Amino acid sequence: MAAVLACAGPALADKKRDAEALFKNGKKLAGEKRYADACPAFEQSDALDPGIGTKLNAARCYEDWGKLAHAHRWYAAAEKMAVAAGDERLPKIRELLAAIDPDVPRLTIKVPADADLETAAVALDGQLIEAAVFGTEMRLDPGPHELTYVVDGAKKSKMLAMERGGEREITLVLRAGSGRTRKVGDDSARPGRTRKIIALSVGAAGVLGLGVASYLTLDARGTYNDALDAHCMGMANACDAEGLSITADARSQANTATVITLISVAAIAGGVVLYLTAPSGEPARETSALYLAPLVGDRSGGFVVGGGF
């Protein structure tokens, strides 16, 4: 027994040392906003040496990354551990959990009572869904998710765009030839409707993008002219160091506005084409989800695109 304990001691020390190294690396990466590397580092650290603080850091990392369902699970794990330990951080953890909960998207998938779930092989993002989960609310990260299932040997798929704070219900038809009754969240019962919604969304994003581009252009022009007056004696070739920096930033912003304008015009044109070519009578495609939105930052802009159809 003494020999076993003697061997276990160094091994435990090694695990704690590795966990601490992973934790420190996670903090560094999170500070650099490299969440794709930081969050798994916190998870690996917690696997080696479980702790409330590590769980909270993993939760905050996923929250900053925008993966709200992941964050919720880690906050919940920290709460469970704090309850068991009587930790004084429990009230604060519950505040964090309550604050994020309304923003986490919810999805409910329903199937017929007599469905052969083993044959249907219903999966979300490549992971098979257990029978007990159907009909219950699932928390998902915001963004696109792929739902796949099998009907008479043919694999079907749907792309679901889950919005922050949104709720959606899908009823799957798992038998070929079954009547398609309109269900909440099931757009396949109305051919062309989904594509028209996508078309309107893309077109609206293009219009909004033109507004963003106009703002950036006017702001860049104003900044450039102010710099000429303040730092360049009114002449572009007489700028001091600060004037050169400001005018260069203004030109860069104007170039960004030009790119956004081109993308916006293309989005509007694409939306028109999608709308005009939307089917009116043939069956709707099973895979349909796309989102495009302008993204505006400090003197910069762009678009976020997701989904597919």
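Read the figures in this text as sums done on the coordinates, not as results from a lab. Note that the coordinates shown come from a computational prediction; the quantities given were computed from them, not determined experimentally. So basically every Cβ, Gly included, is an ideal-geometry build from the backbone, and we count neighbours across all protein chains shown.
Karplus-based coupling profile of the range 256-268, in residue order and whole Hz: 4, 4, 5, 4, 4, 4, 4, 5, 5, 4, 5, 5, 4, with θ = phi - 60° in 6.51 cos²θ - 1.76 cosθ + 1.60 and x standing for Gly or Pro. Which of the three applies to the range 106-179, rounded, prolate or oblate, going by the alpha-carbon gyration tensor with a ≥ b ≥ c and a/c under 1.5 meaning rounded? Prolate, since a/c reaches 1.5 and a/b exceeds b/c.
Projecting label points 7 angstrom from Cα along Cα→Cβ for Glu88 and Leu218 puts them 5.4 nm apart. For the range 93-104, 3J(HN,Hα) computed residue by residue from phi via the Karplus equation (6.51, -1.76, 1.60; θ = phi - 60°) reads 4, 5, 5, 5, 5, 5, 6, 8, 3, x, 8, 7 Hz, glycine and proline entered as x.
Amide H to amide H, with H built 1.01 Å from N, Lys156 comes under 5 Å of Tyr149, Val150, Val151, counting only residues 5 or more places away or on other chains. Applying D = kT/(6 pi eta Rh) to the range 2-103, where Rh is the Kirkwood radius over alpha-carbon pairs, T corresponds to 25 °C and eta to 0.890 mPa s, the Stokes-Einstein value obtained is 172 µm²/s. From least to most packed, judged by other beta carbons within 10 angstrom and beginning with the fewest, Phe23, Phe42, Phe134 follow the order Phe134, Phe23, Phe42. Compared with the direct C-alpha span, the chain from Asp229 to Lys24 gains 68.9 nm at full extension, assuming 0.36 nm per residue. Please compare each pair in Lys27/Lys55; Lys33/Lys92; Lys24/Lys55 to a cut-off of 18 Å on the Cα-Cα distance and tell me which ones are over it. The answer is Lys33/Lys92.
Just rank Lys155, Lys196, fewest to most, by other beta-carbon atoms within 10 angstrom. List each step's numbers first, then the result.
Numbers: Lys155 11, Lys196 17.
Ranked by crowding around the Cβ, least crowded first: Lys155, Lys196.
The residues Glu167, Glu118, when put in order of fewest to most other Cβ atoms within 10 Å, stand as Glu118, Glu167. Is the shape of the range 23-173 rounded, prolate or oblate, going by the alpha carbon gyration tensor and its root eigenvalues a ≥ b ≥ c, with a/c under 1.5 for rounded and a/b larger than b/c for prolate? Prolate is the answer for the range 23-173, as a/c is 1.5 or above and a/b outweighs b/c.
Here the spin labels are modelled as points 7 Å beyond Cα on the Cα-Cβ line, and at Leu12 and Leu128 they lie 3.9 nm apart.
Hey, what did the range 2-103 get for relative contact order, percent, Cα under 8 Å, at least 6 apart? Let's see the in-between values first.
Numbers: 101 pairs, mean separation 18.6, N = 102.
About 18 percent, as a whole number.
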